[in-house]
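J.: This is the structure I want to talk about, given as structure tokens.
A short reminder: the numbers here are calculations on the coordinates, not readings from a lab. Since we're looking at a predicted model, the values are computed, not measured. Positions of Cβ are generated from backbone atoms using ideal geometry, with glycine treated the same way; all protein chains shown enter the neighbour counts.
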Amino acid sequence: MIPFLALVRKDLRLFFNDRRAVVVGLVVPIALASFFGYIFGGQRGKTETSRMQVLAIDQDRSAISRGIIAQLGDDKNLDVKPSTMDDARELVRKGKATVAIVVPKDFGIEAGHALFAGGKKPEISLLYDPSHSIELGMVQGILSGAVMQAVSKEMFSGPSGRQATKEARAQIEKDSQMRPAEKKTLSDLLSSVEKWNEQQAQQPAAGQNGAAGGLTIPFQTHEEAITSGPDIEYNGYAHAFAGMGIQFILFMGLDVGVRMLLLRQSGLWQRLRAAPLSRSMLLGSRAASAALIAGFILCVLFIFARLVFGVHIRGSFLGFLGVCAAFSLMTAAFGLMIAALGKTVEATRGYAVMATLLMVMLGGAWVPTMFFPQWMQKITVVVPTRWAMDGLDGMTWRGLGLSAALVPMAMLLLFTLIFGAVAVMSFQWETPA
Amino acid sequence: MLEVKALKKSYGKVVAVDGVSLQAGSSETIGLLGPNGAGKTTTVSMIAGLFPPDSGEVLIDGSPLCGDTDPVKRKIGLVPQNIALYDELTALDNLNFLGALYNLHGAALKRAIGEALDLVGLTDRAKDKVGTFSGGMKRRLNLATALLHDPQILLLDEPTVGVDPQSRNAIFDNLETLKKRGKTLLYTTHYMEEAERLCDRIIIIDHGKVIANDTLHGLHRMLPVTNVLAIELEKPDGFNAEGLLGLPEVVSAEVHEAVIRVGLHDLTAGAPAILRWLAENGHGYQHVTSERPDLETVFLTLTGRSLRDA
């Protein structure tokens, strides 16, 4: 036991003596996790939601176009600014604005005719940044509601609405193709609208309800984030700290492997091999120290996240510790496997960095796997980091119980066994002198 | 007592060690001499138990060395060719760590560290990081770390590579002290002067095979000459050394620039005749020196190649 403890203690001392390793292992993931946590939502309610930059080019300058732009400006997701056509094109091209909405000349008149008499529908142009096509859909949806409300409001209570209904009635009277019964019904409808409009014009203050306020979407939505409990809001930092922690711990595991490769080429390895120590002790002590360092890094990151960003372990604390321990062991086995399979340090480092980044990316450490396509979500179950992320998310912001941690833990331990077996079977114990 | 019997080791088609045998007793220093790649380090590695031989065996006090955890390994101390220390740790930390590998702890470890540091003269630097040490100090500490568990046999694989003459002498003094304490030293080197100074017996190894195993005196006896007479001529132009070959005791004669080197069986009998012959033939000379042939000459004689070029 004395040699085993000495080997582990020596690795820990070397790690903590190496300021670069400690900085890379702790400060960098904390900085990155803080950044990613902030841009991916942070602490809901405590951070400002970023608004989409939208430009409005009003070529119509009618009551309807002004109404549309005012409606858009009231939306909490949009930051609407007036612009000109040339400026808008330039700003969207440079990525300074996401979408520019162009309301063309005579839009108000044509929209009114299209509403009552089925005339030609006017066109609103949307100039958009192709790298933000998802946001384009969102703007289209908000714009539809705003147009409907502004046009109907003007038609039922504004002067251009009165003009439009008069013209529509005259057009119906002239229509020789329409049957008399249909003509009468439509004419009565427009007459009623015209009367309503005149009444509203005389009582402007009363015209805030019903059709006078314009047609609106006849429902509202109520959003409820399903987190670990009622009144507990999603904390984006929880996922970010888990993701960055996993990434940098894997890099630490990679470093363990590369250092072991270097050690095998050194006199120290000869001295270790000359001592009466078993192979399992030499590999096991390395795995133990790597797992301890990994566990330490995870703990420090989550303590920091708890103190600074209010990240709580909402689920099972035991489950959280279990996932951390299983992931730490998996990282240690990953490092040993690198040391076992590596030939030269340079080539090994290159391959291992690639493998690590793939695992990090596919495991959802950068972007949650829910944003992946369905097929990719299915295949990422073969990536150990996916299980680590699921386990840590489950035990932190999702607030799941111990049972939800068991499968991730089992899968991580399975990967530990696989990597460990590959390491033991492939390890080159003899190095030609 | 170290006994090595017919060790063999191959890597693919390359035979690194081919039937090496040797014996070494208490207070004996054995030199393993050979050029780079001769198989010295592979031989030492197998004796240290770093990996098993393909065939043959290593016996320590009659017990065969087998397996990674064989307690017999405690009787061996290895000083690897590459410095086996952590630069980031202090000398004391390194010693504590390496001592613990042999299950040493507490007062026993402390005492062992104190004695080892005292032997190599680094007691006052114990708390300094090894990274701040000079190359010679690192080499001395490298030796100290192999002594902590008080091994009977010390395997020294080129322990003076890259050190200054002062540190080299210090290491030699340390080794002579250890020898006096009854340790068995197996010393690999390709420096002939080191082997000549330190070793009771020298084993010359080349291409994995032992080509000579004797005392320095015994190795000299293997040579066709026992002495060389070097004579610096006043006027070397036109001198023909073939005339010397007919003289009694003369085995060889060659001229390089102004110096004639004459190989002799017997210096006492041969030298006067040579000097007389030079005088009679009108060849004046400025300096006359006699030399014993060194291990370089031995290696050259045995392999047909220079040791440093092999």
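J.: Return the loop-located GluC sites (Glu not before Pro) in the stretch B:212-245 (DSSP other than H, G, I, E, B) with at most 12 other Cβ atoms within 10 Å of their own Cβ; answer none if there are none. Don't skip to the answer; put the middle values down first.
T.: Details: sites: B:GLU232, B:GLU234, B:GLU242; in loops: B:GLU234.
Within the stretch B:212-245, the qualifying GluC sites (Glu not before Pro) (loop, at most 12 other Cβ atoms within 10 Å) are B:GLU234.
J.: In debye, nearest 20: dipole of the stretch A:54-150 around its Cα centre with unit charges on the Cβ of K, R (+) and D, E (-)? Provide the component values of the computation, followed by the final result.
T.: Numbers: 11 positive and 13 negative charges, 10 e Å.
I would put it at about 60 debye.
J.: Turning to a different aspect of this structure: Can you check how the C-alpha radius of gyration of the protein assembly as shown compares to 2.2 N^0.38 Å, as a plain ratio?
T.: Working: Rg = 44.4 Å, N = 743, 2.2 N^0.38 = 27.1 Å.
For the protein assembly as shown, the normalised Cα radius of gyration comes out at 1.64.
J.: Please state the charge dipole magnitude for the protein assembly as shown, taken about the Cα centre, from unit charges on C-beta atoms (+1 on K and R, -1 on D and E), reported in debye and rounded to the nearest 20.
T.: Numbers: 72 positive and 73 negative charges, 448 e Å.
Dipole about the Cα centre, nearest 20: 2160 debye.
J.: For A:ALA70 and A:ILE39, calculate 0.36 nm times their separation in residues minus their Cα-Cα distance, and state this gained length in nm to one decimal.
T.: 8.3 nm
J.: Then there's this: For n ≥ 4 DSSP H runs only, could you compute -39500 (n - 2.57) per run for chain A, divide by its residues and tell me the 222 nm figure to the nearest 500? List each step's numbers first, then the result.
T.: On the way: 17 runs with 281 residues, N = 433.
So the calculated ellipticity at 222 nm is -21500 deg cm²/dmol.
J.: Which residue, chosen from A:ALA365, A:ALA164, A:LEU414, occupies the Cα position most advanced towards the positive end of the dipole of chain A, where the dipole is computed from +1 (Lys, Arg) and -1 (Asp, Glu) charges on Cβ about the Cα centre?
T.: Value: A:LEU414.
J.: Moving on. In whole Hz and in residue order, list the ³J(HN,Hα) couplings for the stretch A:129-141 that follow from phi through the Karplus curve 6.51 cos²θ - 1.76 cosθ + 1.60, θ = phi - 60°; x for Gly and Pro.
T.: Rounded to whole hertz, the list is 7, x, 7, 10, 5, 5, 5, 4, x, 5, 5, 4, x.
J.: Using helices alone, what [θ] at 222 nm do you get for chain B, with -39,500 (n - 2.57) per DSSP H run of 4 or more residues, divided over all residues and rounded to the nearest 500? Spell out each step's value before the answer.
T.: Details: 9 runs with 97 residues, N = 310.
Calculated from helices alone, the mean residue ellipticity at 222 nm is -9500 deg cm²/dmol.
J.: Which residues' amide hydrogens lie under 5 Å from the amide hydrogen of B:ALA212, considering only partners 5 or more residues apart or on another chain, with H built in the peptide plane?
T.: Those lying under 5 Å, H to H, from B:ALA212 are B:ILE204.
J.: So what is the relative contact order of the stretch B:2-215, in percent, for Cα pairs below 8 Å that sit 6 or more residues apart?
T.: Working: 415 pairs, mean separation 70.0, N = 214.
Relative contact order of the stretch B:2-215: 33 percent.
J.: What ³J(HN,Hα) values, in whole Hz, does the Karplus curve 6.51 cos²θ - 1.76 cosθ + 1.60 give for the stretch A:61-66 when θ = phi - 60°, with x put for Gly and Pro?
T.: Running phi through 6.51 cos²θ - 1.76 cosθ + 1.60 with θ = phi - 60° gives 6, 9, 4, 5, 5, 5 Hz.
J.: Compute the FRET efficiency between A:GLU173 and A:SER144 as 1/(1 + (r/R0)^6), taking r as their Cβ-Cβ distance and R0 = 35 Å, and round to the nearest 0.05. Intermediate results must be reported in sequence, preceding the final value.
T.: On the way: r = 32 Å, r/R0 = 0.92.
Rounded to the nearest 0.05, the efficiency is 0.60.
J.: Could you tell me the relative contact order of chain A? Use alpha-carbon pairs under 8 Å, at least six residues apart, and round to a whole percent. Intermediate results must be reported in sequence, preceding the final value.
T.: On the way: 616 pairs, mean separation 75.3, N = 433.
Over chain A, the number comes to 17 percent.
J.: Nearest 0.05, what FRET efficiency do A:GLN163 and A:ILE232 give at R0 = 51 Å with Cβ-Cβ as r? Please list the in-between numbers first.
T.: Details: r = 55 Å, r/R0 = 1.08.
Efficiency, rounded to the nearest 0.05: 0.40.
J.: Pairing the Cα long axis of helix A:180-202 with the longest principal axis of chain A, what angle in degrees results, from 0 to 90 and rounded to the nearest 10?
T.: It is inclined by approximately 80 degrees.
J.: Given labels modelled 7 Å from the Cα in the Cβ direction, how far is it in nm from A:HIS222 to B:THR301?
T.: Going by the 7 Å Cα→Cβ label model, 10.7 nm.
J.: How large is the dipole of the stretch B:2-215 about the Cα centre if only Lys and Arg carry +1 and Asp and Glu carry -1, each at its Cβ, rounded to the nearest 20 debye? List each step's numbers first, then the result.
T.: Details: 24 positive and 27 negative charges, 48 e Å.
About 240 debye.
J.: Mind giving me the FRET efficiency for A:ILE303 and B:ASN36? R0 is 51 Å, r the Cβ-Cβ distance, nearest 0.05 is fine. Working shown, then result.
T.: Values: r = 54 Å, r/R0 = 1.06.
With R0 = 51 Å, the Cβ-Cβ based efficiency is 0.40.
J.: Hey, another quick one. So how far, in whole Å, is the C-alpha centre of the stretch B:97-118 from the one of the stretch B:174-238?
T.: If you average the Cα positions of each part, the centres end up 36 Å apart.
J.: Also, quick follow-up: Under a plain spin-label model, where a point goes 7 Å from the Cα along Cα-to-Cβ, how far apart in nm are A:ALA21 and A:ARG93?
T.: For the pair A:ALA21/A:ARG93, the computed spacing is 5.3 nm.
J.: Using alpha carbons only, how many degrees (0 to 90, rounded to 10) separate the axis of helix B:135-145 from the longest principal axis of chain B?
T.: Approximately 50 degrees, to the nearest 10.
J.: Name the residues whose placed amide hydrogens come within less than 5 Å of the amide hydrogen of B:ALA16, ignoring near sequence neighbours (fewer than 5 apart) on the same chain.
T.: B:LYS9, B:SER10, B:TYR11
J.: Against the longest principal axis of chain B, how steep is helix B:267-280, in degrees 0 to 90 to the nearest 10, with axes from Cα atoms?
T.: Relative to chain B, helix B:267-280 is tipped by roughly 40 degrees.
J.: Tell me, what HN-Hα J-couplings in whole Hz come from the Karplus equation 6.51 cos²θ - 1.76 cosθ + 1.60 at θ = phi - 60° for each residue of the stretch A:278-289, using x for Gly and Pro?
T.: 6, 5, 5, 5, 5, 6, x, 5, 5, 5, 5, 5
J.: Moving on to the next point. Scanning chain A for trypsin sites (Lys or Arg not before Pro) in DSSP loops with at most 15 other Cβ atoms within 10 Å, what's the longest stretch left with none?
T.: Working: sites that count: A:ARG44, A:LYS46, A:ARG51, A:ARG61, A:LYS76, A:LYS94, A:LYS96, A:LYS105, A:LYS120, A:LYS343.
Longest stretch, sites excluded: A:121-342.
J.: Got a sec? How would A:TRP269, B:TRP277 order by Cβ neighbour count within 10 Å, fewest to most? Numbers along the way, then the final one.
T.: Values: A:TRP269 20, B:TRP277 15.
Fewest-to-most Cβ neighbours within 10 Å comes out as B:TRP277, A:TRP269.
J.: Now, a different point. Placing +1 on the Cβ of each Lys and Arg and -1 on the Cβ of each Asp and Glu in the stretch A:52-213, which of A:VAL54, A:GLN199, A:ILE124 has its Cα farthest towards the positive end of the resulting dipole?
T.: Ranked along the dipole, the leading option is A:GLN199.
J.: Let me ask another. Which one of B:ASN281, B:ALA269, B:PHE239 is farthest out on the positive end of the charge dipole of the stretch B:227-292, using unit charges on Cβ (Lys, Arg +1; Asp, Glu -1) and the Cα centre as origin?
T.: Of the candidates, B:ALA269 comes out farthest on the positive side.
J.: Modelled label-to-label distance, A:TRP366 and A:SER187, 7 Å Cα→beta-carbon offset: nm?
T.: Here the modelled spin labels are 6.9 nm apart.
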